[in-house]
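The values are calculated or read from the model by the stated rules, or taken from the named source; none is laboratory data. From a predicted model like this one, the values you see are computed outputs, not experimental measurements. Heads up, the Cβs are rebuilt from the backbone with ideal geometry, glycines too, and the neighbour counts pull from every protein chain shown. Areas reflect the complete protein model, heavy atoms only, side chains present, ligands, DNA and RNA absent. Shrake-Rupley method; radii C 1.70, N 1.55, O 1.52, S 1.80 Å.
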Amino acid sequence: MKKIAVVGPESTGKSTLSKMLADELEGLWIPEYARIYLEANGLDYKKADVENIAKHQYELEKSAEEVAQNQWIVCDTNLLVIKVWMQYKYNDYPKWIDQKLKQETLYILSKPDMPWVSDPLRENPHNRDELYEIYFDLLKKSGAQFTEVEGNEKQRLTNSLKWLSQFQ
């Protein structure tokens with residue numbers, strides 16, 4: 001199984017890039033469950049809601065792993081994003097997330113060099129650089145294999161595919 005998670009701050013092209021990668025690699029695309037949850041339930045969420053989101057995100061990934069065969073699994077975010085979100089917002093997160101993050105996943109870290117696009121579900125337009133550094137530090141300390149992408153959508157896709165070619 002080959003699994004990729006596109007991570008990073010809000011409004012950095014994660015959804016677009018993950019969909020394009022899944023198409024290019026003929027892989028399975030896993031959506032960001034937080035978006036699905038918040039669209040259905042609104043923005044008045046609590047810490048328990050975010051933990052529920054984390055559990056559902058993980059379940060989506062596990063379900064994909066059961067059917068993937070030799071396909072790539074491309075995740076539009078994963079538990080790392082939820083960990084950062086909870087640490088930033090609540091200064092705490094459920095420790096089971098760390099255990100689940102130890103699985104083999106390749107990470108593509110999306111830089112906040114794209115213009116902010118307003119969206120009712122987004123909360124952090126002014127601290128994307130700060131959040132980016134949190135992601136970078138966590139990935140570096142974890143020893144995970146990751147690359148950083150920047151530029152427009154085409155540049156991000158090209159550079160992601162070039163990096164991923166070493167794992168095929």
**OP:** Filter segment 128-168 for residues that are in contact (Cβ under 8 Å) with a residue 24 or more places away in the chain and over 13 Å from Ser110 (Cα atoms) and give the result.
**Re:** Leu138, Ser142, Ala144, Gln145, Leu161, Trp163, Leu164, Phe167, Gln168
**OP:** Check whether at least one residue in segment 30-45 is of a type in the set (Lys, Arg) and farther than 28 Å from Gln155 by Cβ, and report yes or no.
**Re:** no
**OP:** Find the residue count for segment 75-100, including only residues that are polar (S, T, N, Q), assigned to a helix (DSSP H, G or I) and crowded, with 16+ Cβ neighbours inside 10 Å.
**Re:** 0
Subject >> Filter result for the condition that a residue is over 14 Å from the mean Cα position of the chain (by Cα) and among the β-branched types (Val, Ile, Thr), over Ile53, Ile73, Ile36, Ile30 >> reply: Ile36
Subject >> Boolean, Leu138 is open to solvent by 30 Å² or more (accessible area, probe 1.4 Å), farther than 22 Å from Leu164 by Cα and at pLDDT 95 or above >> reply: no
Original post:
Where residues in segment 151-168 are open to solvent by 90 Å² or more (accessible area, probe 1.4 Å) and touching a strand residue (DSSP E or B) at 6+ places or on another chain (Cβ under 8 Å), which of them is farthest from Thr16 (Cα to Cα)?
Top reply: Gln168
Original post:
Can you tell me which residue in segment 37-74 is surrounded by the most Cβ atoms within 10 Å (Cβ to Cβ), limited to those that are assigned to a helix (DSSP H, G or I) and without any contact (Cβ under 8 Å) to a residue 12 or more places away in the chain?
Top reply: Lys55
Original post:
What number of residues within segment 102-131 are surrounded by 17 or more Cβ atoms within 10 Å (Cβ to Cβ) and in a helix (DSSP H, G or I)?
Top reply: 2
Subject >> Selection within segment 141-150 - open to solvent by 50 Å² or more (accessible area, probe 1.4 Å) and either of a type in the set (S, T, N, Q) or part of a helix (DSSP H, G or I) (or both) >> reply: Lys141, Ser142, Gln145
